[in-house]
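These notes are about the structure you will find just below.
The values are calculated or read from the model by the stated rules, or taken from the named source; none is laboratory data. Just so we're clear, the structure is a prediction, and the values are computed from it rather than from any experiment. In this analysis, Cβ positions are derived from the backbone assuming ideal geometry, glycine residues included, and neighbour counts consider all displayed protein chains. Accessible surface areas use protein heavy atoms only, side chains included; no ligands, DNA or RNA. Shrake-Rupley method; radii C 1.70, N 1.55, O 1.52, S 1.80 Å.
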Amino acid sequence: MTQSVNPDAGRSLRVGVIGVGVMGSNHARVFAGLPGAELVGIADPDQRQGDFVARTLGCKAVGDVKDLLDLKVDAVTVAAPTHLHRDIALACIERGVHVMVEKPIASSVEEGREIIAAARRAGVTLMVGHVERFNPAVEAIKEALRNEDILSIAITRVGPFPPRMSNVGVVIDLAVHDIDLIRWFTDSEIVEVQPQLSSAVAEREDIALLQFRTASGVLAHINTNWLTPFKARNVTVATRGKYIMADLLTRQVTECFGFQPDGSYSMRHLSVGHAEPLRSELLGFLRAVRAGTPPPVTGEEGVASLEIATHCLSVRPWAAPKGETKGETKGETKSERQAPRVVAG
Ligand SMILES: NC(=O)c1ccc[n+]([C@@H]2O[C@H](COP(=O)([O-])OP(=O)(O)OC[C@H]3O[C@@H](n4cnc5c(N)ncnc54)[C@H](O)[C@@H]3O)[C@@H](O)[C@H]2O)c1
């Protein structure tokens with residue numbers, strides 16, 4: 001990313017939020033309380049919702065992006081529905097405004113790349129809202145993994161069907177968080193994808209069991225669905241020297257270590273911070289804007305995670321031919337039959 005150093009580094013940054021539904025109203029709330037930031041306004045075509053958020057936080061409400069940009073904002077969050085991210089982000093970037101775009105970065109990898117290219121040309125900061133990285137429990141896992149040889153990661157992210165209608169399935173909406181975590185924990189790219197998807201109740205996939213292999217050889221697994229009556233977010237990581245277990249909701253992180261030949265081992269709870277993840281995320285964004293340095297989650301990282309999620313949806317489904325599941329398929333050797341046919345690059 002080529003960026004010029006901000007000559008106004010000392011003054012408060014004028015910020016705005018585009019789309020103040022569930023996620024955007026939280027961005028607006030957090031921005032309103034951040035040191036060094038002034039929440040100037042929010043944009044939302046839903047006038048009732050826009051007025052409510054603006055009145056609560058003491059900023060201006062406008063109906064569209066152009067009117068918000070006319071308020072001379074330095075930086076915005078884009079938290080409108082995902083299919084609008086590209087057009088809204090491009091409009092902001094064109095006016096030289098720094099952009100934090102909610103995850104997933106866009107509806108498609110191509111659109112995500114367009115946003116990255118535009119931000120690079122304009123020399124503005126582009127960050128993607130993978131807020132889970134800022135969950136103190138996730139930060140504690142990352143810290144516990146320092147200098148560890150990771151072997152496998154298993155993540156469960158389940159809950160009830162979201163009350164509002166969504167035009168994406170569970171992979172793009174939920175699994176993309178964990179794809180980002182797997183890439184971040186391992187500092188490695190995912191090179192193989194083996195998905196199992198099903199649409200049990202919803203129009204799009206609402207159950208996904210996803211298996212991955214990273215370039216560094218880590219095996220990872222995501223279990224996600226919208227069929228569980230309660231929310232659960234659990235992570236386990238096995239390394240050569242440790243076994244880490246985390247509940248991302250209660251923020252309890254425990255590690256087993258000191259494995260002995262007789263099967264005994266030690267256990268300890270790790271110290272986990274209390275910061276609000278969204279606050280840490282937005283502080284990181286504004287810090288990057290001020291310093292002209294790469295943000296904590298770059299556009300490229302957002303696209304990389306979206307690309308893997310997209311592979312999960314696009315790989316050719318495969319099932320053993322009926323009646324031949326016990327023996328070998330005619331004309332196929334055993335090793336051919338067992339080879340994963342749904343490997344994504
Ligand atoms: N990081 C996370 O954990 C997380 C969680 C939830 C949602 N999200 C992401 O945030 C985005 C918004 O999701 P949500 O759940 O808040 O949706 P939502 O439906 O609750 O809110 C979207 C808001 O955008 C407004 N909007 C629609 N068209 C607009 C336009 N042209 N300009 C400005 N505003 C417009 C809507 O009126 C609505 O108020 C999505 O991209 C979603 O994937 C991220």
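Here are some notes:
- Qualifying positions in the stretch 129-139 - out of contact with any Phe, Trp or Tyr (no Cβ under 9 Å at 6 or more places or on another chain), more than 9 Å from the ligand (Cβ to nearest atom) and under 24 Å from residue 75 (Cβ atoms): 134, 135, 139
- Neighbours by Cβ (under 6 Å, 6+ apart or cross-chain): first from the stretch 117-130, in a loop (DSSP other than H, G, I, E, B); second away from the ligand (no atom under 16 Å from the Cβ) and open to solvent by less than 20 Å² (accessible area, probe 1.4 Å): 125/288; 125/289
- Any hit, the stretch 63-82, residues being open to solvent by 50 Å² or more (accessible area, probe 1.4 Å), closer than 25 Å to residue 280 by Cα and within 9 Å of the ligand (Cβ to nearest atom): yes
- Those residues of the stretch 140-165 which are over 16 Å from residue 231 (Cβ atoms) and either within 16 Å of the ligand (Cβ to nearest atom) or among the basic types (Lys, Arg) (or both), in sequence order: 142, 146, 165
- If you go through the stretch 34-45 and keep only what is part of a loop (DSSP other than H, G, I, E, B) and in contact (Cβ under 8 Å) with a residue 24 or more places away in the chain, you end up with 34, 36, 44.
- Across the stretch 251-266, the qualifying residues are those that are among the polar types (S, T, N, Q) and either in contact (Cβ under 8 Å) with a residue 60 or more places away in the chain or touching a Phe, Trp or Tyr at 6+ places or on another chain (Cβ under 6 Å) (or both), and the one among them that is least open to solvent (accessible area, probe 1.4 Å) is 266.
- Tally of residues being out of contact with any Asp or Glu (no Cβ under 8 Å at 6 or more places or on another chain), modelled with pLDDT of 95 or more and surrounded by fewer than 24 Cβ atoms within 10 Å (Cβ to Cβ) across the stretch 103-123: 8
- Summed over the stretch 158-199, the residues that are closer than 23 Å to residue 80 by Cα, part of a strand (DSSP E or B) and open to solvent by less than 20 Å² (accessible area, probe 1.4 Å) give a count of 1.
- Subset of the stretch 267-291 that is small (Gly, Ala, Ser) and open to solvent by 50 Å² or more (accessible area, probe 1.4 Å) - its residue that is farthest from residue 130 (Cα to Cα): 271
- Residue list for the stretch 287-312, restricted to those being assigned to a helix (DSSP H, G or I), in contact with a Ser or Thr (Cβ under 9 Å, 6 or more places away or on another chain) and polar (S, T, N, Q): 310
- Residues (part of a loop (DSSP other than H, G, I, E, B) and aliphatic (A, V, I, L, M)) located in the stretch 138-157: 145
- Filtered residue count, the stretch 20-39, keeping only those that are aliphatic (A, V, I, L, M), within 18 Å of residue 62 (Cα to Cα) and within 13 Å of the ligand (Cβ to nearest atom): 4
- Residue tally, condition in contact (Cβ under 8 Å) with a residue 40 or more places away in the chain and either within 10 Å of the ligand (Cβ to nearest atom) or open to solvent by 30 Å² or more (accessible area, probe 1.4 Å) (or both), over the stretch 83-97: 3
- Test result for residue 202, assigned to a loop (DSSP other than H, G, I, E, B) and within 16 Å of the ligand (Cβ to nearest atom): yes
- Pick from the stretch 40-62, criterion within 16 Å of residue 14 (Cβ to Cβ) and more than 10 Å from the ligand (Cβ to nearest atom), ranking: surrounded by the fewest Cβ atoms within 10 Å (Cβ to Cβ): 58
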